[in-house]
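Enquirer: Got a structure for you, written out below as structure tokens; questions coming shortly.
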Amino acid sequence: MAHNFVHGGNIIGRQKGRYAFNVFDEKTKTYLVENGIDVALGNYVLVTSRVTGLEVEMKDAVAAGNRNVVIAETLDELAAKMNVDIDAFRETVKSYNKLCKKQHDEAFAKGPRYLRPVATPSFYAIKVCVAFLTTVGGIKINEKTEVLDDEERARGST
């Protein structure tokens, strides 16, 4: 999962089809339910927010035919359902799990506390895409995209 949304969005936007998958296993799912997330999602989901409805929501999505959520008992089955090359997926997971074991990600510099192996069935994938733009710095705006001054008033307001 991306921990820097600006860079993550840029990377996803450059992928074929402009999407990626968040892939995780049963241990990680259990961690999210019991301990909460490690990275805030803006001001909407704060650090340590527990994801208590995750399993039910994923199963409901699959039952409803949502192809953006995938659940499988093996990595090969997961890759097939994701419609990705099984051998490449298997090798990617193998390489990632080696980084997790070393607790050092020389490939993408992911912090050690976020390195969670993908090894324990069941396996999950959630398709993600760029849903909104974000910037680093820049001007502050309100919900109407009006530029705000230092007192958080829209320019031209009294």
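Enquirer: What is the helix-to-structure angle for 26-35, meaning the angle in degrees between its Cα long axis and the longest Cα principal axis of the chain, kept from 0 to 90 and rounded to the nearest 10?
Expert: 40 degrees
Enquirer: So how strong a dipole does the stretch 1-112 carry about its Cα centre when Lys and Arg Cβ are +1 and Asp and Glu Cβ are -1, to the nearest 20 debye?
Expert: Here the size comes out at about 340 debye.
Enquirer: On average over all directions, what projected area in square nanometres does the chain have, based on the convex hull of its Cα atoms?
Expert: Averaged projected area of the chain's Cα convex hull equals 11.8 nm².
Enquirer: Treating the angle as unsigned and between 0 and 90°, give the value, to the nearest 10°, between the Cα long axis of helix 86-102 and the longest Cα principal axis of the chain.
Expert: 80 degrees
Enquirer: Just the projected area, averaged over all directions, of the convex hull on the alpha carbon atoms of the stretch 33-120: how many nm²?
Expert: Taking a quarter of the hull surface, the average projection is 7.0 nm².
Since every read-out is calculated from the coordinates, none of them should be taken as a lab result. Because the structure is a prediction, the values reported are computed rather than measured. Here Cβ is always computed from backbone atoms with ideal geometry, including for glycine, and neighbour counts include all displayed protein chains.
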